[in-house]
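Worksheet: the structure to be examined is printed underneath.
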Amino acid sequence: MDESAVSSTGLTKRFRRQVAVDGVDLAVPRGAVYGFLGPNGSGKTTTIRMLLGLIGPTAGSHALLGRDMPQHSGDVLPRVGALVEGPAFHPYLSGRANLLRLDAADRTADPRTARARVDHALDRVGLLAAARKRYRAYSLGMRQRLALAATMLMPRDLLILDEPTNGLDPQGTREVRSIISALAADGATVMLSTHLLSEVEQICTHVGVMHLGKLVAQAPLVQLRAQAVPRVRVDTAQPEDAARVLTGLGVTEVEARVEAGADAVTGLPGDVAPEKIVAALVHDGVPVRGFAVVAPDLEEMFVSLTGEGFDVSG
Amino acid sequence: MSVVEATPAPIAQRVKPRRFSTRFYRSELMLIFGRRRNWAGLAVLAAVPLIIAVATKVWPPTGPANGGGPDTFFASITSNGLFVSLAALTAELPLFLPLAVASIAGDAVAGEANLGTLRYLLSVPVQRTRLLLVKYAAIVAPMGCSVSVETNIPTAPRAESPTAM
């Protein structure tokens, strides 16, 4: 078996003159929870549509679960659960009828267990009580859950979820997150597209960042975090003195920030141990109100990667 | 929401893809006949022979020997009940029936694409050819049935009492 659950080489999609996805080389290892990040319009959904074979790529190739894709879609796709571009069901059918219809379309699904499987999936997302309601009467959160339930009708090796928490309230977001974690714990690989960084920080093991159609970064989250350089931050009433002490210790890029009532000095400690800095400050009589070693959060890292604010896109 | 402590998973074993199965076809039929809109259309179609029969009963046509044209059918209804269905078919075939079928058929693929359910079907996966064939069969077969029902239902009571009209 191939190591990666999703892999692509030079995947490109051009719509007339606009290049939506430009030479993307994805590598999602098996068992990972892969956060596919990017601002709106950066080509995440187009990439996912290509991965599932809904649209053909202009150039490049890709494989799912180690099998080349469009050729083996018949064998591979039944093992892939997908949520693409939000939930979509027949409004005049009940939630259960909608799932039964999707199950009926799957030739590898056993019709004898269909009802049990549908009810189990509905139960897992907490929709069993509303199973007989028409889809039209569902709230956005319920629709999103129904779409998630559809991916759980059969045991899946890979889940490709496009913004699964879109439009959900904080409570629903948390529930969806725990469902995803539970699925990943069952051994499925999850590829999750999102523009919410908190989501990535909480559940993902790997990250890929898209920007203007290009994959600008792809790494395990731990590795990205390790690259982040921590800064020290000293809260004090005498920022000038603190800055002098820090500089004297060999701390680089010392910046004194004077804010109303909360003066702080920050700097890159380099090899200087934090406890030494505190000792030196106290020794020199600088009144220290607070001291912290701060690693830059993901948001700052991604802004530096994409070169602009996270919700702005060209 | 019972997330992790859900009921134990039912036996979800993959069966070998069956060569032939009517399951998706039946689901497609359910989709067509599960809509009230489609039932209303069929009811309108079914009402045409009744309306013709009632109309000819209330206002009998002037006579059977009026020369050619569709009037011959309508005039013959008074003497033979079989002509109700024939007359209804001649009225429906050029316009109403194609209209009804077209509205359902037009909705078959375009409607799914519009709702977005098509992308979920395609990622199940359902092969494009299979999808089109199943959709085609699901529209053609019931329409054929409805035509044959239409020609038979009005004649049935009349077979028992041929002189009713």
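No lab work stands behind these numbers, since they all come straight from the coordinates. A quick note: this is a predicted structure, and the numbers were derived from the prediction, not measured. Glycine gets a Cβ as well: all are built from the backbone with ideal geometry, and neighbour counts include every protein chain shown.
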Estimated [θ] at 222 nm from DSSP helical runs (n ≥ 4, -39500 (n - 2.57)) normalised by residues in chain A, nearest 500: -10000 deg cm²/dmol
Among A:G187, A:G208, A:G285, residue whose mean-square fluctuation peaks in a GNM of chain A (springs only between Cα atoms under 10 Å): A:G285
Dipole of chain A, positive direction: furthest Cα of A:S61, A:L99, A:A295, with charges on the beta-carbon: A:L99
Shielding by other protein chains, A:74-86, mean Cβ within 10 Å: 3
Neighbouring partner chain Cβ atoms per residue of B:24-35, average, 10 Å criterion: 3
For the stretch A:4-220, fraction of C-alpha pairs farther apart than 32 Å, in %: 15 percent
Total charge dipole magnitude, chain A, about the Cα centre, Cβ charges on Lys, Arg, Asp, Glu only, Debye to nearest 20: 1900 debye
Packing-based order for A:157-164, A:138-145, using average beta carbon neighbours within 10 Å, highest first: A:157-164, A:138-145
Chain A, relative contact order in percent, only Cα pairs under 8 angstrom and at least six apart counted: 20 percent
Debye, to nearest 20: dipole size of the stretch A:134-273, +1 on Lys, Arg Cβ, -1 on Asp, Glu Cβ: 780 debye
Between the stretch A:32-58 and the stretch B:20-41, the Cα center-to-center distance that results, in Å: 33 Å
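Charges at C-beta only: +1 for Lys and Arg, -1 for Asp and Glu. How large is the resulting dipole of the stretch A:229-294 about its Cα centre, in Debye rounded to 20?
The dipole magnitude comes to about 120 debye.
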Centre separation in Å (Cα based) which lies between the stretch B:45-61 and the stretch A:222-268: 93 Å
Shielding by partners - mean other protein chain Cβ count within 10 Å, residues of B:122-132: 6
Efficiency of FRET between A:R174 and A:D297 - r from beta-carbon atoms, R0 25 angstrom, step 0.05: 0.80
Debye equation applied to the C-alpha atoms of the protein assembly as shown, log10 I(q)/I(0) at 0.05, 0.07, 0.13 Å⁻¹: -0.33, -0.55, -1.14
